[in-house]
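The block underneath contains the structure these notes are about, expressed in structure tokens.
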């Protein structure tokens, strides 16, 4: 008897490279990439000339500190996140020197002179959670937004966002936004 050797069938590998290439393209097209998220902050334009240091009275600086345990200290008093916007609005709109005709503040001589001189100083600890930092910052920005909306409603009968550019500029002149965000340090804990 003669034994027959079976021939091993060959696999055509010519199209395997094409299939691998198509799979690679498919996964590249359908995969989503993580996009870094951050805060949109418009920085002032760079100038070559050195700015003169301004003397800012201490009463015109509203100090907001956030420690490593996400606790707030506003003007050396413990506060909650719910207090931030109200206290900030009261500080900005104070009009202590009476120079702001459109302000409705309490005119407390111990608080800010007027919105043009009011500076918000936000400082956080290195251990502060990003979530708390963003919430506090949003409350500070929200105070400016509410003040601008209230003024726009009083003067023009509509909210700030629906104003034309010249009217917005006039409202911004009354309530300019000065928020100083200091570099994080070890404040506590």
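Looking for whichever is surrounded by 14 or more Cβ atoms within 10 Å (Cβ to Cβ), more than 18 Å from the chain's Cα centre (by Cα) and part of a helix (DSSP H, G or I) here; the options are 167, 113. Which one fits? Don't jump to the end; show me each part of the working.
Values: 113 fails: part of a helix (DSSP H, G or I).
Going through 167, 113 in turn, the sole match is 167.
Is there a residue being buried (at least 17 other Cβ atoms within 10 Å of the Cβ) and in contact (Cβ under 8 Å) with a residue 24 or more places away in the chain anywhere in segment 29-50? I'd like the intermediate steps shown before the answer.
Filtering segment 29-50 for residues buried (at least 17 other Cβ atoms within 10 Å of the Cβ) gives none.
No.
If you go through segment 131-164 and keep only what is outside any loop (DSSP other than H, G, I, E, B), farther than 19 Å from residue 104 by Cα and more than 13 Å from the chain's Cα centre (by Cα), you end up with 161, 162.
What is the residue count in segment 55-72 for residues that are at positive phi and loosely packed, with under 14 Cβ neighbours inside 10 Å? Don't jump to the end; show me each part of the working.
Keep residues of segment 55-72 that are at positive phi, which gives 70.
The next check asks that each one be loosely packed, with under 14 Cβ neighbours inside 10 Å; those that pass are none.
Qualifying residue count, segment 55-72: 0.
Might you check whether a residue that is farther than 20 Å from residue 89 by Cβ and touching a strand residue (DSSP E or B) at 6+ places or on another chain (Cβ under 7 Å) occurs anywhere in segment 170-182? Write out each step before concluding.
In the first step, residues of segment 170-182 are kept if they are farther than 20 Å from residue 89 by Cβ; the result is 182.
When the remaining residues are screened for being touching a strand residue (DSSP E or B) at 6+ places or on another chain (Cβ under 7 Å), the result is 182.
Looking through segment 170-182, at least one residue is farther than 20 Å from residue 89 by Cβ and touching a strand residue (DSSP E or B) at 6+ places or on another chain (Cβ under 7 Å).
Within segment 129-144, the set of residues being touching a helix residue (DSSP H, G or I) at 6+ places or on another chain (Cβ under 9 Å) and crowded, with 17+ Cβ neighbours inside 10 Å comprises 132, 136, 139, 140, 143, 144.
Within segment 73-110, the set of residues being at pLDDT 90 or above, buried (at least 19 other Cβ atoms within 10 Å of the Cβ) and outside any helix (DSSP H, G or I) comprises 74, 93, 94.
The values are calculated or read from the model by the stated rules, or taken from the named source; none is laboratory data. Everything numeric in this text was worked out from a predicted model, so none of it was measured. Counting neighbours? That spans all protein chains shown, and the Cβs are built from the backbone with ideal geometry, glycine included.
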